[in-house]
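Asks: Dropping the structure in here first, questions after.
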Amino acid sequence: QVQLVESGGGLVQAGGSLRLSCAASGNIFNINTMGWYRQAPGKQRELVAIITRGGNTNYADSVKGRFTISRDNAKNTVYLQMNSLIREDTAVYYCTARRWSSDYWGQGTQVTVSS
């Protein structure tokens with residue numbers, strides 16, 4: 001099993017920044033892709049950004065140029081730097097990790113952007 005613990009969410013004004021962190025623990029050997037999804041009220045969970053162990057990244061079009069995903073393999077931690085936040089970024093953000101064919105999820109952290 002892999003445990004994921006997110007931190008860094010909160011309330012921020014539009015145009016501001018937040019940095020999310022997600023630390024993996026447990027059976028972390030061979031974790032490949034890590035990333036972030038989000039779910040806004042009344043909407044389906046959607047991809048925000050993912051990063052492979054080798055550093056390849058993929059972003060949702062809605063966050064390109066504003067969000068940056070990074071990873072510290074030595075610390076088994078993935079980060080999401082969110083800049084130029086807008087109200088539409090308000091959601092619960094979930095960390096995810098893939099180990100072999102299994103996907104693991106964190107408990108989620110709330111990000112609220114006020115106008």
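The values are calculated or read from the model by the stated rules, or taken from the named source; none is laboratory data. Since the model is a prediction, treat every value here as computed from it, not as a measurement. Backbone-built Cβ (ideal geometry, glycine too); neighbour counts: all protein chains shown. Heavy atoms of the whole protein, side chains included, go into the accessibility calculation; ligands, DNA and RNA do not. Shrake-Rupley method; radii C 1.70, N 1.55, O 1.52, S 1.80 Å.
Asks: Relative to the present Cα-Cα distance, how much length would full extension add between Q39 and W105 at 0.36 nm per residue of separation? Don't jump to the answer; show the numbers that get you there.
Replies: Working: separation 66, 0.36 × 66 = 23.76 nm, distance 1.30 nm.
Length gained, Q39 through W105: 22.5 nm.
Asks: Projected onto the charge dipole of the chain (+1 at Lys/Arg Cβ, -1 at Asp/Glu Cβ, origin at the Cα centre), which of G55, S115, A97 gives the Cα projection farthest towards the positive end?
Replies: G55
Asks: Of the chymotrypsin sites (Phe, Trp or Tyr not before Pro) in segment 81-115, which ones lie in a loop per DSSP and count no more than 15 other C-beta atoms within 10 Å?
Replies: Here the chymotrypsin sites (Phe, Trp or Tyr not before Pro) that fit, given the DSSP loop and packing criteria, are W100.
Asks: With +1 on each Lys and Arg Cβ and -1 on each Asp and Glu Cβ, and nothing else charged, work out how big the dipole of the chain is about its Cα centre, in Debye to the nearest 20.
Replies: 140 debye
Asks: 7 Å from Cα along Cα→Cβ at both E88 and N32: what's the point-to-point distance in nm?
Replies: About 3.2 nm, to one decimal.
Asks: A follow-up question, please. Taking only protein heavy atoms and a 1.4 Å probe, what accessible area per residue, in Å², does the chain have with all protein chains in place?
Replies: That works out to 54 Å² for each residue.
Asks: Extending each Cα 7 Å along its Cβ direction at T112 and N56, get the distance between those two points in nm, one decimal.
Replies: It is 3.9 nm.
Asks: Around M82, under 9 Å between beta carbons, what's the net of Lys plus Arg minus Asp minus Glu among the other residues?
Replies: Computed value for this residue: +1.
Asks: Show R45, R99, R38, R19 ordered by accessible area, largest first, where the area counts protein heavy atoms only and the probe is 1.4 Å.
Replies: Final ranking, largest accessible area leading: R19, R45, R99, R38.
Asks: Using a 1.4 Å probe over the heavy atoms of the protein chains, calculate the carbon and sulfur portion of the accessible area of the chain as a whole percent.
Replies: After summing per-atom areas, the C and S share lands at 47 percent.
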